[in-house]
Amino acid sequence: MVFPTPDAMSLQFDLAMNEDGAAVLAWCEDFPDYTPWVPGDVWVSLYASDTGWTDGELLGASISSPHVSISDEGIAMVIGQAVTDETWVPYPDDGEEQPITELWSARHVVGSDWAAIELVDPSRVAGFSPWRVAFQLDDAGNALAVWDAGSLRGQWWNRFTDADGWGVPVSLGESARSQISLAVHGTGDAIAVWHAYVQEEDASDAVQAVRFEADSAAWGSVEVLHRSLHNPNDLSVEMDAQGNALVHFRQDPESASPTRSSQNQVVWVNRFNPGAGWGQLESIGTAWLSHQLGMDGFGNVIAMWPLKDQHGLWEHRYSVESGWESPEMIVDATDLGFHLEVGSAGDAVILYSMIIEGYQSELWSMRYVPGVGWGAAELVDILSPYFERDIAIDGEGNAILAYGRQVSGGYEVVVRKSSRPE
């Protein structure tokens, strides 16, 4: 399936899939005559295994950064940032003028149309211009959203329930410095992690975490998982079906210059158990420029990264029964950009690109099946490099691949189904 955006000058999109194979895709397109700070249109499409993709539907204009989630009941939601007032005002953090932007959402229930767009914070309790947004639905379709409202306002959260809609935003703490990640269990329990600034003699950066309990609709105490002089990169949190979680990030070695390092970075993980809390920070290897990690529903992990001065893409696997295994190179190539996704049943799919000449690159995919291993690489497309890509996997290991492709006069979003091998 191809969703064209013929007049767009840029493209953002997000993809999500539930355990039964239903999916939602949202994309934002900006246009050549756009006003700075004022984004373009957001479109959405739904997928069902028996009917395929619906036609793209316009959700609204002056909207950017769509994030999507879909529950096991098939309830879908899109959250993003919308320009709600084109009156330019000074942004409190730095005084630079920009239009007022606010966090919005749109919800779809099976058998009905998309509901009208509504604001997550209509009374501006948290102010305006939210960013670094993370959100996810639980199995029943309740939503939990966490966002940063700037250094003067800090972090905020809000919850959507079918009975009450969005509540009143509540402060979660001081501002995140660069990254927020959220993992939501099917029951609604959740863990949020972020990178915060700390003023200490031997540290300027911290990784912090806090747990949300759905029954009480309340957050626990913020815990500091790590302090350092170096920024954590690609900070994220994953969660399995039992509520165990894994925080992971990449960071320069403590011996490196705090300004800039040109060496491999250390990949760190920390495990959370609902009964025991957080464990100890553990180094699982070194990576160059990027790393990605996915956890299945049983707690098994696949991590992946490239290494400086070495060819290939390296896999580092964790088994609940035996721990971390030795790294193994699964792609022997250079100039790699990649995306990894791990499904609840343990299946994994990667999309990776290799530059072949000029601005052209080959986009390849590989699939991992539990008990079988990695299959052969398959050529997906030839396109311009550096475009977004995304993967979603259902409970049976079937996957949807999505990527952006430049065409004459604009862009398009391409989605492909990848069925689990028999």
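The values are calculated or read from the model by the stated rules, or taken from the named source; none is laboratory data. Remember, it's a predicted structure, so these values are computed and weren't measured experimentally. Every residue, glycine among them, receives a Cβ derived from its backbone with ideal geometry; neighbour counts consider all protein chains shown.
Computed values, structure above
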item	result
Condition check for SER344: free of Cβ contacts under 8 Å to residues at least 12 places away in the same chain and not in a strand (DSSP E or B)	no
Residue, farthest from GLU341 (Cα to Cα), within region 371-404, restricted to residues that are free of Cβ contacts under 8 Å to residues at least 40 places away in the same chain and not aliphatic (A, V, I, L, M)	SER384
Sole residue being within 20 Å of the chain's Cα centre (by Cα) and not polar (S, T, N, Q), chosen from GLU328, GLU321, GLU341, GLU378	GLU341
Cβ pairs under 6 Å, 6+ apart, first in region 223-234 and over 11 Å from ALA196 (Cα atoms), second in a strand (DSSP E or B) and of a type in the set (Ser, Thr, Tyr)	LEU229/SER204
Matching entry among VAL168, VAL207 (being in contact with a Pro (Cβ under 8 Å, 6 or more places away or on another chain), more than 24 Å from ASN18 (Cβ to Cβ) and at pLDDT 90 or above)	VAL207
Exclusive hit being acidic (Asp, Glu) and not in a strand (DSSP E or B), set ASP215, ASP234	ASP215
Tally of residues being more than 29 Å from ARG227 (Cβ to Cβ) and assigned to a strand (DSSP E or B) across region 278-316	2
In region 234-267, the residues that are out of contact with any strand residue (DSSP E or B) (no Cβ under 6 Å at 6 or more places or on another chain) and at pLDDT 95 or above	ALA241, GLN242, GLY243
Matching residues, region 366-410, being of a type in the set (Ser, Thr, Tyr) and touching a Lys or Arg at 6+ places or on another chain (Cβ under 7 Å)	TYR403
Tabulated pairs, region 316-335, first under 16 Å from ASN300 (Cα atoms), second surrounded by 11 or more Cβ atoms within 10 Å (Cβ to Cβ) and of a type in the set (Val, Ile, Thr), C-beta under 7 angstrom, 6+ apart or interchain	HIS316/ILE284; ARG317/VAL301; ARG317/ILE302; TYR318/VAL301; TRP324/ILE284
Sole residue being within 20 Å of the chain's Cα centre (by Cα) and either at negative phi or of a type outside the set (A, V, I, L, M) (or both), chosen from SER365, SER384	SER365
Pick from region 351-408, criterion touching a strand residue (DSSP E or B) at 6+ places or on another chain (Cβ under 8 Å), outside any strand (DSSP E or B) and hydrophobic (A, V, I, L, M, F, W, C), ranking: surrounded by the most Cβ atoms within 10 Å (Cβ to Cβ)	PHE387
Among the candidates GLY404, GLY409, GLY358, GLY375, residue that is within 23 Å of ARG317 (Cβ to Cβ) and out of contact with any Cys (no Cβ under 7 Å at 6 or more places or on another chain)	GLY375
Subset of region 105-146 (residues that are within 22 Å of GLY56 (Cα to Cα) and touching a Gly at 6+ places or on another chain (Cβ under 6 Å))	VAL110, ILE117
Matching option when the condition is at pLDDT 70 or above, surrounded by 17 or more Cβ atoms within 10 Å (Cβ to Cβ) and in a loop (DSSP other than H, G, I, E, B), among GLU73, GLU102, GLU19	GLU19
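Rundown of residues vs (1) over 14 Å from ALA214 (Cα atoms); (2) in a strand (DSSP E or B), yes/no style:
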residue: VAL133; (1), (2): yes, yes
residue: ASN158; (1), (2): no, yes
residue: ALA163; (1), (2): yes, no
residue: ILE180; (1), (2): yes, yes
residue: GLY186; (1), (2): no, no
residue: ILE191; (1), (2): no, yes
